[in-house]
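J.: First, the structure itself, so that you have it in front of you.
The values are calculated or read from the model by the stated rules, or taken from the named source; none is laboratory data. Computed from a predicted model, the values in this text were never measured in an experiment. Reconstructed Cβ throughout: ideal geometry from the backbone, glycine too, with neighbour counts over all protein chains shown. Ligands, DNA and RNA are excluded from the accessible area calculation, which covers all protein heavy atoms including side chains. Shrake-Rupley method; radii C 1.70, N 1.55, O 1.52, S 1.80 Å.
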Amino acid sequence: MIVTKSRETVEQIFRDIFGCDPLLVRSPGRVNMIGEHTDYNLGFVLPAAIEKAIYFAVSPRTDDTCRIVSVDMNDTIDVTIRQLHKSPKGWPNYLLGVIDQLSCAGYSFPGFNCVFGGDIPIGAGLSSSAAVEAGLAFSLNHLFSLGISHIELVKIAQKAENEFVGVKCGIMDQYVNIFGARDRLLKIDCRSLEYEYIPFAFDNVSIVLLDTCVSHSLASSEYNQRRKECAEGVSILRSEYGAIHSLRDATLDTVREMRTRMGDVIFRRCKFVVEENDRVARGCAALQEGDLRTFGQLMYQAHEGLRSEYDVSCRELDYLVALSGSHSDIYGARMMGGGFGGCTINLMDTGAVERFGATAMEAFTSTFGHEMKMYVTTISAGTHVLTNDEHAAI
Ligand code: ADP
Ligand code: MG
């Protein structure tokens, strides 16, 4: 039996504090292979759950108190259900938002004890926030037999982040947290919310994340700005083509046709989104043929679009992608996530990982004057209850 340190730690701390057996739930982080900034444009994304995860240990109480212990923040909060207030500490809001959304949706349950923590790097773009939200929603659903469907849990977790935390994220992160599966990517249609699994199990191929360790302050204002620009593009397209309700409905031809009315900025945003949706479709077809070279080229094209048309990259990300591009054992690389920092995602031959990692670290540090980090990751199961002989499922 393989047991991760995180799971053991969380379980042990729970037993030490509360003196009983908890329900244990594993809630993963995620990567997104391709399909960036397409989710809020109701297009396609191709994420996967990864082996880095947050572990929840929970048990019911007989009163209305929720005692929540964050192992990673070394902090504890006590709150009363139905008397929830936004916390100035930050981290509790990701959990309080879930309790709040469950209550708003009419689910009633008593208080609970909860210890949680894990090994998803925080704020690196691997969606530790969705792992917290969806992990708690899933845990409470199971603990109190609330009978909530998986898709409903996804929506509750997303709303928790939208409304209680105040981040207008799309649905991808919470979706893949719940529906992810081992050795499979999840192609999500962000309009219909239907999904399809795309097998991803290649021998001797590794998914490597290079973390720039920067988070430029532009990130959230520019994210909101991009959403506005896309909406503006849609309203221009719609004035001519009534059937266009989102960039998902637009084609490259219609976008080109409206270029003058859009102006340069809106045109480039719309063009990128339409092309990125197409790249997801072509990427899935390539993977189904086992063609990693083509898939990798699509990753490079996605990065180029994010850099020069969507304008959400930064020097550090561009540097790392260019570095990957000069290595033949790397299939593809691109920035991942909202942009202006965070990680690049790289697909490469496993045999090349160590040497490339060492070269990249050295080159990055001497160029930018600070270190970067590297995470080698594998595709794992979505959120689920852990049994004693777990890890067969991961
Ligand atoms: P990410 O890209 O990792 O999702 P976010 O900024 O969206 O970054 O979310 C990070 C926030 O989520 C943290 O600042 C913290 O409030 C909360 N969080 C994430 N992981 C943990 C954890 N292990 N323990 C406590 N809070 C966490
Ligand atoms: Mg997040």
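J.: Determine the calculated [θ] at 222 nm for the chain from helices alone, applying -39500 (n - 2.57) to every DSSP H run no shorter than 4 residues and normalising by the residue count; nearest 500 deg cm²/dmol.
T.: Calculated mean residue ellipticity at 222 nm is -13500 deg cm²/dmol.
J.: In Å², and per residue, what accessible area does region 199-241 have when probed at 1.4 Å with the other protein chains present?
T.: Solvent-accessible surface per residue comes out at 53 Å².
J.: Across the Cα atoms of region 282-394, what radius of gyration and what greatest pairwise Cα-Cα distance (Dmax) are found, in Å?
T.: Here Rg and the maximum Cα pair distance are 16.1, 49 Å.
J.: Report the Cα-based extents of region 113-181 along its three principal axes, largest first, to the nearest Å.
T.: 33, 27, 24
J.: Output needed for the chain: three equivalent-ellipsoid semi-axes, defined as square roots of 5 times the C-alpha gyration tensor eigenvalues, in descending order, whole Å.
T.: Working from the Cα gyration tensor, I get semi-axes of 35, 26, 19 Å.
J.: Right, next: What is the Cα centroid distance between region 216-252 and region 99-171, reported in whole angstrom?
T.: Taking the Cα centre of each part, region 216-252 and region 99-171 sit 28 Å apart.
J.: In whole Å, what are the Cα extents of region 170-313 along the three principal axes, biggest one first?
T.: In descending order, the Cα extents are 49, 36, 29 Å.
J.: Could you sort 148-159, 183-194 so that the peptide with the highest average Cβ count within 10 Å comes first and the rest follow in order?
T.: Highest mean packing first, the order is 148-159, 183-194.
J.: Given a Förster distance of 25 angstrom, what is the FRET efficiency for residue 371 paired with residue 74, based on the Cβ-Cβ distance and rounded to 0.05? If you can, show how the numbers build up before the last one.
T.: Details: r = 24 Å, r/R0 = 0.96.
Efficiency, rounded to the nearest 0.05: 0.55.
J.: Could I ask something else about it? Hey, what did the chain get for relative contact order, percent, Cα under 8 Å, at least 6 apart?
T.: 23 percent
J.: So, one more: In degrees from 0 to 90, rounded to the nearest 10, what is the angle of the helix 150-159 Cα long axis to the longest principal axis of the chain?
T.: The angle comes out near 80 degrees.
J.: Of all GluC sites (Glu not before Pro) in region 277-354, which ones are in loop regions per DSSP and have a Cβ with at most 14 other Cβ atoms within 10 Å? Provide the component values of the computation, followed by the final result.
T.: Working: sites: 289, 304, 309, 316, 354; in loops: 289, 309.
Answer in residue order: 289.
J.: What part of the accessible area of the chain, given as a whole %, is carbon or sulfur when the probe is 1.4 angstrom?
T.: Carbon-and-sulfur percentage of accessible area, whole number: 48.
J.: Now for a separate question. May I ask you to derive the relative contact order of region 36-188, considering only C-alpha pairs under 8 Å and at least 6 residues apart, and to give it as an integer percent? Numbers along the way, then the final one.
T.: Numbers: 252 pairs, mean separation 51.9, N = 153.
RCO, region 36-188: 34 percent.
J.: Might you tell me the accessible area per residue for region 58-182, computed with a 1.4 Å probe and given in Å²?
T.: 38 Å²
J.: May I ask you to derive the FRET efficiency for residue 67 and residue 103 from their Cβ-Cβ distance with R0 = 22 Å, giving the value to the nearest 0.05?
T.: Computed FRET efficiency for residue 67 and residue 103: 0.80.
J.: Just the accessible area per residue of region 263-394, please: how many Å² with a 1.4 Å probe? Could you put the intermediate results ahead of the total?
T.: Details: 5120 Å² over 132 residues.
Averaged over the residues of region 263-394, the accessible area is 39 Å².
J.: Past 20 Å, Cα to Cα: identify those pairs from 159/271; 52/373; 155/187; 159/373; 52/89, in the order given.
T.: Values: 159/271 29 Å; 52/373 15 Å; 155/187 17 Å; 159/373 31 Å; 52/89 24 Å.
Distance filter (> 20 Å) returns 159/271; 159/373; 52/89.
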